[in-house]
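Asker: Before I ask anything, here is the structure I am working with.
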Amino acid sequence: MLRPPVTTINEVLLELDAIIAHCDAAASRQAYFALLYRQMTAAVAKGITGGMFEDPERMEKLDVIFARRYIDAWYCYQEKNPCSASWKVAFDAATREDLVVVQHILLGVNTHINLDLSIAAAETAPGQDIFALKKDYDMINDIIAATADEMQNRLEKIWWPMKFFIRVANNKHKAVINFSVSKARQAAWASATAMALTDGEAEKNYINGLDQSVVKVAGAVMNPGRWTGFLLKFVRWSEQKDVKRIIVLLK
């Protein structure tokens, strides 16, 4: 299917709405990440119009390139065309009933931050220009943290014991989530810098190697080990099962 490429954040939001609607109609768990990403993109758009970034035009360019990698991968997968190995793993996992909602979301986050964000940043600011992007790049962490809090509130509706867990943990889980995303973005920045300063075959090989590394992380998300796996079985038993209902709760 030939589609004109998105060029603005508003067009990105419309594409994400279309993907979410398709997933909703098909009762596909692929909607879970799409919903989170839609919320993050809307928050970035608000930050751009609100003067949050040093160079709003460059930030919109980054956000569009970043989003286009996910959108293109999603359509390629639907049409049975090749996409990155890590996105294929994440999309394939949507058929698995043994994974909890958070695992499905994290599989998307893993690929989109650890692979797509690095590539998008390097493409937005190639060569030495990459270093001028750092301040606005770091500003995204605040937006992600706020969006993570909103998503946390929605997840409480899907898994009823979470409110009790939050009281016991004294909100430390939020610090862990934000820290983990921040660490992932730091790693993505290192990869972006490496790619921005290389080109040709060397850059292609770097991207392929990075894609395979992200696949390994996805494996750890799906198979986190004995004790975490035991906890996730309890979560799976007690959380909402109906995909369409979960989609409504995540909106």
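Asker: Step by step: find N for the range 9-250, compute 2.2 N^0.38 Å, then divide the Cα radius of gyration by it. What's the final number?
Answerer: 1.00
Asker: What is the Cα coordinate range of the range 1-102 on the first, second and third principal axes, sorted by size from largest, in whole angstrom?
Answerer: Result, largest extent first: 43, 31, 24 Å.
Asker: Need the C-alpha centroid separation for the range 186-216 versus the range 83-121, integer Å.
Answerer: 17 Å
Asker: Got a sec to turn the phi values of the range 234-251 into Karplus ³J(HN,Hα) couplings, 6.51 cos²θ - 1.76 cosθ + 1.60 with θ = phi - 60°, whole Hz, x for Gly and Pro?
Answerer: Result, rounded to whole Hz: 5, 4, 4, 5, 9, 8, 4, 9, 6, 4, 5, 5, 5, 4, 4, 5, 7, 6.
Asker: If you fit an axis through the alpha-carbon atoms of helix 172-196 and take the longest principal axis of the Cα set of the chain, what angle between them do you get, 0 to 90°, nearest 10?
Answerer: It is inclined by approximately 30 degrees.
Asker: Let me ask another. Which order, highest average first, do 189-200, 128-139, 36-47 follow once you tally other Cβ atoms within 10 Å for each residue and take the mean per peptide?
Answerer: 36-47, 189-200, 128-139
Asker: Which of the cysteines in the chain are isolated, no other cysteine C-beta under 4.7 Å?
Answerer: When partners are defined as cysteine Cβ atoms under 4.7 Å apart, the chain leaves CYS23 without one.
Asker: Add +1 for every Lys or Arg and -1 for every Asp or Glu among the other residues with Cβ under 15 Å from the Cβ of ILE130, and state the total.
Answerer: That sum, taken over residues with Cβ under 15 Å, equals -3.
Asker: May I ask you to order 5-11, 107-113 by the average number of other C-beta atoms within 10 Å around their residues, highest value first?
Answerer: Working: 5-11: 14.7, 107-113: 24.3.
Ranking the peptides 5-11, 107-113 by packing returns 107-113, 5-11.
The numbers here are math on the coordinates, done by the rules we state, and not lab data. Being a predicted model, the structure only gives us computed values, none of them experimental. So basically every Cβ, Gly included, is an ideal-geometry build from the backbone, and we count neighbours across all protein chains shown.
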